[in-house]
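Asker: Right, I'll just put the structure down here and ask away after.
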Amino acid sequence: MASKLEALEHWVNEVAALTRPARIHWCDGSDAEYQALVQQMLQTGTLIELNQQTHPGCYLHRSNPSDVARVEHLTFVCHPDEQDAGPNNHWMAPAEAHAKIDALFDGCMVGRTMYVIPYCMGPIDSPLARCGVEITDSPYVVANMRIMTRMGAAAQARIEREGTFIKGLHSTGELDPERRFIMHFPAELSIKSYGSGYGGNALLGKKCHALRIASHQARSEGWLAEHMLIVGIENPQGETHYIAAAFPSACGKTNLSMLIPPEGYLRDGWKVWTIGDDICWMRPGADGRLYAINPEAGFFGVAPGTSGSTNHNALTSISHDTIFTNVAVTADNQPWWEGLPGTPAIDWQGRPFDPANGPAAHPNSRFTVSAKQCPTWSEMAEAAQGVPISAIVFGGRRPSLLPLVMEARDWTHGVLMGAAMGSETTAAATGTVGVLRRDSMAMKPFCGYHYGDYFAHWLSFDQPGAKLPKVFHVNWFRKGANGKFLWPGFGDNLRVLEWMINRVEDRVDGVETPIGILPGDGELKVDGLRLDPAQLDALLDVDNAGWQAELAAIGEYLQTFVPHLPERLREEQQRVARALDAAD
Ligand code: GDP
Ligand code: PGA
Ligand code: MN
């Protein structure tokens, strides 16, 4: 017993010797602790109070303008053997990485408080959950971790019981992009992050632990750590199907996880249940099905575009007790972003709003809110055994070619669909926005090991006795000749989910095409939609020549993972390519 706690204490002392803080605070996760941190941050200006009449318990944080998104070029996965990182990661030798980043940590907390945050990713009593401890000098990180994870005494008790935990060390440092690294050491179960205070770079439970480190752990332990939302769809008969969906950052996970059914569906009694909006850990259960938990306890969602008409549930969730990062404010001090009614007075950098300076809210501005504040939050999010997954969905921003929805003919084809995923880049990471890049399973920035081995791991779930989910691919973002989205999206995406569930239940047949199974005539319910038949045709069109080129591009992309690329995946790509040639 004592020795397990000692391991934690030993590490904390080691870190304190390196960073030399003025004091150490062990976080208990209590309300009182959170309130005290908020008061302290209001005094130092780290938090700004928003209008407490309209938004009780809501605060604004303005991050350094050079620190507003994840930094993939400064993110490293440091396996002892470079081979294991794969072409999908930046790699540095562990010894070199430690030396580089420890030099930055040296004395970085002098005069400051060092916070020790024990946290649990997943329901505290779940066998699928995993614990970590983040050490940070940022009270903003502590406050966010309190919302995003099960943080404090209960997590610490589990750590003391189990003895194992992920070590995460973080300092905001000088916020100098030249002195910024996000380093992962999967073999050592540790993370070191320096020089950024922004979300995915600094809240180490999220992308760093729950995806990069966990994906690597999951490979050896036989489960999957994925960049997926989890949503329950309850039909009028009261049956609920759980769907897990992987879309790249800022491509609609949060929205789909809490969608509001269209009018007719609501009348008929359809309900939507939110389990998670970003991360999903799945493991085969005794019955052969995949069971999933959401390791997180909150949402770190994209603010711009969130409105009463697009995502009313998100808007309701964030009407109180929410931390906003890099949004604008109105004249009466309410949070504001593009997509909301009203006008901004002060932009995300604290300047009087001037359209000449660009958008009022940063395009990657965020809200941090407890999942329990969501009107559609499901108690099943606390279920220790997780929820059974009926369908896995892949998707991205594809202005052309990719149909609204297609179904993989089997697991192997589904893995190919996931591996082939592409999307236009977004503001969620620094760099150019709007260029197509391959983002297999939406894990390009998050897979903690070689993509080729990762594809093989996915394929390995196809075993005798397995009752795997059906796999689908969707595209809410296909555009017409006028440059506008062809599909209304948002709540109407339920129409597509209904078709998937009908396929799972074998109630509709679909139509086989070389690229997969598409909805047959009348199978997709579009009644009540202002969608002319030509638009629907365009959404479900299979452009054979375009797809031949796509398959060639996919083939070239897969080639970059040789020799780790599983032969079965290459054969699957060739099978689809041949089917397209035959249909030519
Ligand atoms: P996440 O980062 O994957 O969780 O993505 P979000 O759900 O936060 O959405 C990111 C952006 O995509 C927001 O601006 C949304 O308004 C927009 N979006 C989400 N779903 C849809 C959709 O079905 N259609 C369209 N056109 N935009 C969407
Ligand atoms: P997301 O995650 O971009 O996938 O929404 C938050 C972040 O790490 O930036
Ligand atoms: Mn999100």
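Computed from the coordinates by the stated procedures, all read-outs in this text should not be read as laboratory data. Everything numeric in this text was worked out from a predicted model, so none of it was measured. Cβ sites come from the backbone with ideal geometry, for glycine too, and all protein chains shown count toward neighbours.
Asker: Taking the dipole about the Cα centre of the chain, with the C-beta of Lys and Arg at +1 and of Asp and Glu at -1, give me whichever of 258, 455, 419 is farthest to the positive side.
Answerer: 258
Asker: Obtain the radius of gyration and the Kirkwood radius of the stretch 10-91 from its C-alpha atoms and give Rg over Rh.
Answerer: 1.12
Asker: For the stretch 341-395, compute Rh as the Kirkwood radius over C-alpha pairs and then the Stokes-Einstein diffusion coefficient at 20 °C and 1.002 mPa s; write the answer in µm²/s, rounded to an integer.
Answerer: 138
Asker: Helix-only estimate, please: 222 nm mean residue ellipticity of the chain, summing -39500 (n - 2.57) across DSSP H runs of length 4 or more and dividing by its residues, to the nearest 500.
Answerer: So the helix-based figure for the chain works out to -8000 deg cm²/dmol.
Asker: Oh, and also: Under the √(5λ) rule applied to the eigenvalues of the Cα gyration tensor, what semi-axes describe the equivalent ellipsoid of the stretch 59-192? Give them in Å, descending.
Answerer: Its equivalent ellipsoid spans semi-axes of 24, 21, 14 Å.
Asker: Share of antiparallel DSSP beta bridges in the stretch 299-373, in percent to the nearest 5? Present the calculation step by step, with values, prior to reporting the outcome.
Answerer: On the way: 11 of 12 bridges.
Among the beta bridges of the stretch 299-373, antiparallel pairing accounts for roughly 90 percent.
Asker: Ok, one more. Report, for the chain, the % of DSSP beta bridges that are antiparallel, rounded to 5.
Answerer: 65
Asker: Report P(r) for the chain: all Cα-Cα distances, bin width 10 Å, range 0 to the bin holding the largest distance, values in whole percent.
Answerer: 3, 17, 29, 27, 16, 6, 1, 0
Asker: Whole angstrom only: what separates the Cα centroid of the stretch 1-75 from the Cα centroid of the stretch 275-296?
Answerer: For the stretch 1-75 versus the stretch 275-296, the Cα centre distance is 29 Å.
Asker: Another question, then. So how much slack lies between residue 10 and residue 384, counting 0.36 nm per residue of separation and subtracting their Cα-Cα distance, in nm?
Answerer: Numbers: separation 374, 0.36 × 374 = 134.64 nm, distance 3.08 nm.
Between residue 10 and residue 384, full extension yields an extra 131.6 nm.
Asker: Something else now. Compare the Cα positions of 86, 120, 60 along the charge dipole of the stretch 18-153 (+1 at Cβ of Lys, Arg; -1 at Cβ of Asp, Glu; about the Cα centre) and return the one farthest towards the positive end.
Answerer: Ranked along the dipole, the leading option is 60.
Asker: Then there is this: About its Cα centre, how strong a charge dipole does the chain have in debye, to the nearest 20, once Lys and Arg get +1 and Asp and Glu get -1 at the Cβ?
Answerer: 620
Asker: In addition: Can you tell me the 0 to 90 degree angle between the C-alpha axis of helix 153-162 and the longest principal axis of the chain, rounded to 10?
Answerer: 80
Asker: Exceeding 30 Å between C-alpha atoms, which entries from my cross-link table qualify? They are 206/525; 467/525; 372/484; 372/479.
Answerer: Going by Cα-Cα distance, 206/525; 372/484; 372/479 fall outside the 30 Å limit.
Asker: If you build the Cα gyration tensor of the stretch 299-373 and take the root of 5 times each eigenvalue, what three semi-axes come out, in whole angstrom, biggest first?
Answerer: 21, 12, 11
Asker: Could you tell me the ratio Rg/Rh of the stretch 224-329? Both radii from Cα atoms, Rh via Kirkwood.
Answerer: Numbers: Rg = 15.0 Å, Rh = 15.0 Å.
A ratio of 1.00.
Asker: Given the stretch 158-238, what percent of its DSSP beta bridges are antiparallel, to the nearest 5?
Answerer: On the way: 5 of 10 bridges.
Counting only bridges with both partners in the stretch 158-238, antiparallel ones make up about 50 percent.
Asker: Angle check, please: helix 31-44 long axis (alpha carbons) against the longest principal axis of the chain (alpha carbons), in degrees 0 to 90, nearest 10.
Answerer: Taking the Cα atoms of the chain, the angle to 31-44 is about 80 degrees.
Asker: Can you find, among 314, 335, 359, the residue farthest towards the positive end of the dipole of the stretch 299-373? Put +1 on the C-beta of Lys and Arg, -1 on that of Asp and Glu.
Answerer: 314
Asker: What aspartates and glutamates does residue 271 reach when the alpha-carbon gap must be under 16 Å and sequence neighbours fewer than 8 apart in one chain are set aside?
Answerer: Hits, sequence-local ones excluded: 234, 239, 263, 379, 492, 498.
Asker: OK, next. Helix 544-559 versus the longest principal axis of the chain: what is the Cα-based angle in degrees, 0 to 90, to the nearest 10?
Answerer: Helix 544-559 sits at roughly 40 degrees to that axis.
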